[in-house]
Each structure stands twice: as structure tokens, then as C-alpha cells.
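Each remark here refers to the structure printed beneath this line.
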Amino acid sequence: MFEAVEELVGEHADLEKRLADPAVHADQANARKLNKRYAELTPIVGTYRAWRRTGDDIETAREFAADDPDFAAEVKELEKTREGLTEKLRLLLVPRDPSDDKDVILEIKAGAGGDESALFAGDLLRMYLRYAERVGWKTEIIDATESELGGYKDVQVAVKAKPHRDSNGATEPGQGVWARLKYEGGVHRVQRVPATESQGRIHTSAAGVLVTPEAEEIDVEINPNDLRIDVYRSSGPGGQSVNTTDSAVRITHLPTGVVASCQNEKSQLQNKEQAMRILRSRLLAAAQEEAERNAADARRSQVRTVDRSEKIRTYNFPENRISDHRVGFKAYNLDQVLDGDLDAVIQACVDADSAAKLAATS
């Protein structure tokens, strides 16, 4: 059992030697890559060594128990400890999403339901901003198209983990935004009495959420010759430059047809930079999806069409209930969830995903 871990132990030892070489740290990007891999392997190697050591202790205790019955109790205790280590090691060996440490770009789009859907999109935006605040992430609204009643037809938000310092005092990026928010992609359905409803009838509408890991320039290579850049007049709420200058930017990646646009900033240059951020993240997501399809490990589907029937989650206001239909999660604290208390909902998805991956490796 766990024979393959020996290879990881060897890789861990090799990384330890390489990281002890001052010359390696001359290339900071490579050193960060090696440090990241070393940090990933360390808990696996530590648990594996404890698992093997406990196995040896059990054999020794059994030998003594043959002559001294008092050791029989110790054997049982050691066997219990080893069972726990076995399960912990199996969980550590579950295949890891390589993008789990990345920041994300989260997009919310109003769908079926008109003005009510746009208002619900605004509620979802507030929920994610509050959740990010709770866990200590930074948020930045990149682009937004507001509706007449104060909701959003479309809004894009960058969500980033705050940097922290490693043991050497160097600033490292935070971890875990994609690891948590990737489960939010899909159609979110709401059931409630809209603000525009005069007869008190419950309506059903939907909004779509798309989550992509934010790409760095080194993640995606983009040939400038493959881009078509269009500029146009901004529309909707904004400053004095709205509807007077061609500051809005739309970028099309010609080989793939992927499009990104931004009109939120005052200058054309700022809008171009923001649109490129969105484009890079979308191209990275597309490349990862293609790679995973080739490996027969398809990504969890997100928004295809914002249709009420293609839902992943329902927010039922009359019953104060939230239901995640993928994992069977149900709770009656919708008001708290919409105020950013998303941990239990997300954790149910994390646990189900880990269980599925663990079953696939068994």
C-alpha cells in the first residue's frame, strides 16, 4: 500500500538538496516554483513516515504482547492510530487542482427574469463581496453594467488573496481563492416576491456565475497579432467621459473567438489593461478545459445558458432556504448566507469533490 509515495519521498529529498543550494535562488521564479512543490510534498512525506513508523511500532508491540498481555492494549491503540494515518494519507494523495492557489475573476450575469434577475445578480455580488471580506480576500470590480433599478446586468470582479510573508520574510501570494470559489460557477435560481410585484406573487428568476482562475502573463502566451481591438463609446452610469469619448475597449482573440471588454475605467488605456486581464483568465480557463478533456477529467460545468432549469443552487426567500442541488446540501439560513456566510455551502461542495476524487483513486 502507498508504494508510489516512495517516489514522492525521493522527489522531496531532491528538492530539499536543490533548495539548499544558494545558486538556485538566483532565479526567483524557479525558486518559488520549487518551494511551492516542496511545500505540497512535505505533509505527504511527514504523514507517510509516521504511517511507516507506526507500522513498525505495531510489530514490536505484538512481539512483546506474546510474553506480556499488558502490551495487547498498546497494540490496539497503535492500530487505531495507524488507521487514522492511513485515511489522512489517502486524502493527501487525492489529485490536486493545480489552479487552487490562483486568484479568480468572477462574473455574474442576469438571466431569465428581467429586472428581478438583475436585482438578484446584485444580491449575489454583495454576497461574494461580504464572503471575501470575511475570509480576508481583496476584491476589485473590473467592469459592471448596472440595471435601471439598481441591480446588475453584468458585473466582473477580481478576487485576490492578500499576500503573506514566508519563513524567510519574502512576500508570497495568498492561497485558496480558486480552491473555494470554483464551485460557485453555474446557474443560481431565486424564488421570491420581486420588488416590482404588486400582487405579492412569488416569481422565479435566475442569474449566472462564471468563475475563472486569473492568469498571469507567464500562464498564457498571447501573440499581439492574434488580437483585434475595437474601441467604442461607454454607456450607462459613469463620469463625464461616458458617451463623449471612445474609451471603452473590446478585445477579440481571433484564433479562439474569445472576447473580453471593459468600459468601467475613465481612460482607454485602463480599459484595455482590464480587458486583457479578463482575456488572459478566459484563455487560461479554455486551455485548462481542453487539457482536462484530453485527460478524460472534464471540469465541473459552469454556465452554458442562464436558464432557470439549468440550476446548481436555489435561494428560496419565503422559506429562508438555500439548496445546492449538486450535493444535496440544504440549510434554512438564507439571510446569513446572503450576508456572506458561505463556508458551510462551499465546504459541502469541497467534501463531495474530494470524496469523488478519492473514490476514483481507490
Note to self: I'd like the residue in region 76-102 that is modelled with pLDDT under 90 and more than 16 Å from LEU358 (Cα to Cα) and, out of all such residues, is surrounded by the most Cβ atoms within 10 Å (Cβ to Cβ).
What the structure shows: LYS102
Item checked: Qualifying residue in region 40-49 (condition: of a type outside the set (D, E, K, R), exposed (fewer than 15 other Cβ atoms within 10 Å of the Cβ), more than 24 Å from ALA356 (Cβ to Cβ) and out of contact with any Pro (no Cβ under 6 Å at 6 or more places or on another chain)) -> yes
Next item on the list: State whether the residues of region 199-210 include one that is surrounded by fewer than 23 Cβ atoms within 10 Å (Cβ to Cβ), closer than 23 Å to ARG282 by Cα, of a type in the set (A, V, I, L, M, F, W, C) and modelled with pLDDT of 90 or more.
Entry: yes
Margin query: Can you report the number of residues in region 311-362 which are of a type in the set (Val, Ile, Thr), surrounded by fewer than 16 Cβ atoms within 10 Å (Cβ to Cβ) and more than 30 Å from ALA4 (Cα to Cα)?
Written below: 0
Check: Can you tell me which residues in region 112-128 are crowded, with 23+ Cβ neighbours inside 10 Å and more than 21 Å from PRO213 (Cα to Cα)?
Finding: GLU116, SER117, ALA118, LEU119, PHE120
Next item on the list: Filter region 129-183 down to the residues that are exposed (fewer than 13 other Cβ atoms within 10 Å of the Cβ) and among the polar types (S, T, N, Q), then identify the one that is modelled with the lowest pLDDT.
Entry: THR171
Next item on the list: Filter region 13-70 down to residues that are in contact (Cβ under 8 Å) with a residue 24 or more places away in the chain, farther than 22 Å from ARG90 by Cβ and among the aromatic types (Phe, Trp, Tyr), then give me how many there are.
Entry: 0
Notebook entry, point to check: Do you know which of the residues in region 290-325 that are in a strand (DSSP E or B) and hydrophobic (A, V, I, L, M, F, W, C) is modelled with the lowest pLDDT?
Noted result: ILE312
Notebook entry, point to check: Under the condition of being aliphatic (A, V, I, L, M), modelled with pLDDT of 90 or more and surrounded by 12 or more Cβ atoms within 10 Å (Cβ to Cβ), which residue from region 21-39 is farthest from LEU85 (Cα to Cα)?
Noted result: VAL24
Notebook entry, point to check: GLY328 passes all but one of (1) modelled with pLDDT of 95 or more; (2) on the phi > 0 side of the Ramachandran plot; which number fails?
Noted result: (1)
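The values are calculated or read from the model by the stated rules, or taken from the named source; none is laboratory data. Computed from a predicted structure; not experimentally measured. Cβ sites come from the backbone with ideal geometry, for glycine too, and all protein chains shown count toward neighbours.
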